[in-house]
1. If you scan region 20-55, which residues turn out to be at pLDDT 90 or above and surrounded by fewer than 12 Cβ atoms within 10 Å (Cβ to Cβ)?
2. I'm trying to understand the selection: among the residues of region 1-18, which are charged (D, E, K, R) and surrounded by 11 or more Cβ atoms within 10 Å (Cβ to Cβ)?
3. How about region 7-19: which of its residues are modelled with pLDDT under 90 and within 18 Å of residue 33 (Cα to Cα)?
4. Filter region 24-70 for residues that are among the aliphatic types (A, V, I, L, M) and more than 30 Å from residue 14 (Cβ to Cβ); which is nearest to the chain's Cα centre (by Cα)?
5. Conditions: (1) at positive phi; (2) open to solvent by less than 40 Å² (accessible area, probe 1.4 Å). Residue 61 meets all but one. Number of the miss?
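The values are calculated or read from the model by the stated rules, or taken from the named source; none is laboratory data. Keep in mind the model is a prediction, meaning the values are calculated, not measured. In this analysis, Cβ positions are derived from the backbone assuming ideal geometry, glycine residues included, and neighbour counts consider all displayed protein chains. Keep in mind that these areas ignore ligands, DNA and RNA; they rest on the heavy atoms of the full protein, side chains included. Shrake-Rupley method; radii C 1.70, N 1.55, O 1.52, S 1.80 Å.
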Amino acid sequence: INNVKITRQGFEKRVVSQDLQLWLSNAPPTGNMYTLLARAGRQVQEIQLTTSLDQDGIKKALQRVLERVP
């Protein structure tokens, strides 16, 4: 991972889950920059991630991160 930038932040009207949820956006990557979405409680954030990983590599990394979050 070369760079992480939080771009947009917002709040949902109701709490879906208190658990941290991360997923790769369906938006096509721009070069080596991917868009991730993160949600915890009512807070939602869009994250721009610049990495040398391919799409499958990012998905595997996200799965490892989520396994470690209590």
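1. 52 - this is the single residue of region 20-55 that is at pLDDT 90 or above and surrounded by fewer than 12 Cβ atoms within 10 Å (Cβ to Cβ).
2. Our first condition is that a residue be charged (D, E, K, R); within region 1-18, this holds for 5, 8, 12-14.
Correct list: 8, 12.
3. Answer for region 7-19, where residues must be modelled with pLDDT under 90 and within 18 Å of residue 33 (Cα to Cα): just 8.
4. Filtering region 24-70 down to residues among the aliphatic types (A, V, I, L, M) leaves 24, 27, 33, 36-38, 40, 44, 47, 49, 53, 58, 61-62, 65-66, 69.
Checking the rest, the ones that are also more than 30 Å from residue 14 (Cβ to Cβ) come to 33, 53.
Values: 33: 12, 53: 14 Å.
Among those that are among the aliphatic types (A, V, I, L, M) and more than 30 Å from residue 14 (Cβ to Cβ), it is 33.
5. Answer for residue 61: the failing condition is (1).
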